[in-house]
Each structure stands twice: as structure tokens, then as C-alpha cells.
1. May I ask you to rank H78, H52 by accessible area, largest first, using a 1.4 Å probe over the protein chains only?
2. How big is the antiparallel share of DSSP beta bridges in the chain, given as a percent to the nearest 5?
3. Please report the accessible area of K112 (heavy atoms, 1.4 Å probe, ligands and nucleic acids excluded) in Å², nearest 10.
4. Write out the GluC sites (Glu not before Pro) in the stretch 21-123 meeting two conditions: DSSP loop, and at most 15 other Cβ atoms within 10 Å of their Cβ.
5. Given contacts defined as C-alpha pairs under 8 Å and at least six residues apart, what's the relative contact order of the stretch 77-132, whole-number percent?
6. Please list, or write none, the aspartates and glutamates whose alpha carbon is within less than 15 Å of the alpha carbon of K112, excluding same-chain residues fewer than 8 places away.
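The values are calculated or read from the model by the stated rules, or taken from the named source; none is laboratory data. Predicted model, so just to flag it, every value in this text is computed and none were measured. Glycine gets a Cβ as well: all are built from the backbone with ideal geometry, and neighbour counts include every protein chain shown. Accessible surface areas use protein heavy atoms only, side chains included; no ligands, DNA or RNA. Shrake-Rupley method; radii C 1.70, N 1.55, O 1.52, S 1.80 Å.
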Amino acid sequence: MEVWTVKLIIGGYAQGKLHYVIQRYSPESYVVMDGVLPEDMNESGGTVVINHFHNWVRAGIAEGKCPEEDMASFLERHPDCIIISDEIGNGIVPLDGFEREYRERTGRMLVKLADRAEEVIRVICGIGQRIK
């Protein structure tokens, strides 16, 4: 199994995940994309940070796309990105079928990303803890 150089940053809502990433890297070395994948990484000029990954997954599912395939294709071309996602699988299971599907698919994508990522960091209260 191929291991990507992707870094996965996870944590609860408003726990300082993006701030943590910004503190670790110089501003010239990254470009932050908010809930979208860039059309062309060559134009970015640095490592792409996908902030709010979970929102990108939700939008893809809502549009009838397959975010799993889109993400795999993106990472084959650009395995050195940083992905930031809220942990959305904790708490009460939603009654709405779409919400359950969104949580399930996002969770499974994060498991796959974590399995193949070079590094996984969990951020709580702005403090990052390496879990892989």
C-alpha cells in the first residue's frame, strides 16, 4: 500500500486546527483552500492546505458526486497537501438520512486518509498531538 506524504489534521469545531497549521509553516510555503480542492495546484505556488475538508465532502455528496474518487484522484497528483477536518462522527446520530450518509462517508474517508497519511495530528485547544 502506497503511503502519501499528506498530513491530516483533525479535531473538534473551533479547536484551532488552521491556526496550528499556520504556526507550523511559513506563509510563503502554503495556500489555504476553504472547503474546495484547487483546480490547478501548479498555480498555487506552495503546499495546498484543504481547510474544512468535511464541508467539501458534504457539498460533493449533495451534488451527487463521488468525493471518494475525486479525493483519490487529487491525492495521486498531489500527495503532499495538508487536509484539515472537523471530527463530525461524535454525538447523537442524526435522524436525517443525508446527514447520516454524510457522516459515514466522511468518517470512512478520514480513516483511509489517516491510514495512508505520513502524519496525523489531533488538535485540541490549539495544541497539536501527533497520533501517527
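1. H52, H78
2. In the chain, approximately 20 percent of DSSP beta bridges are antiparallel ones.
3. Accessible area of K112: about 110 Å².
4. Loop-located and lightly packed - E39, E63, E118.
5. 19 percent
6. Reachable aspartates and glutamates: E2, E68, E69, D70, E76, E87, E104.
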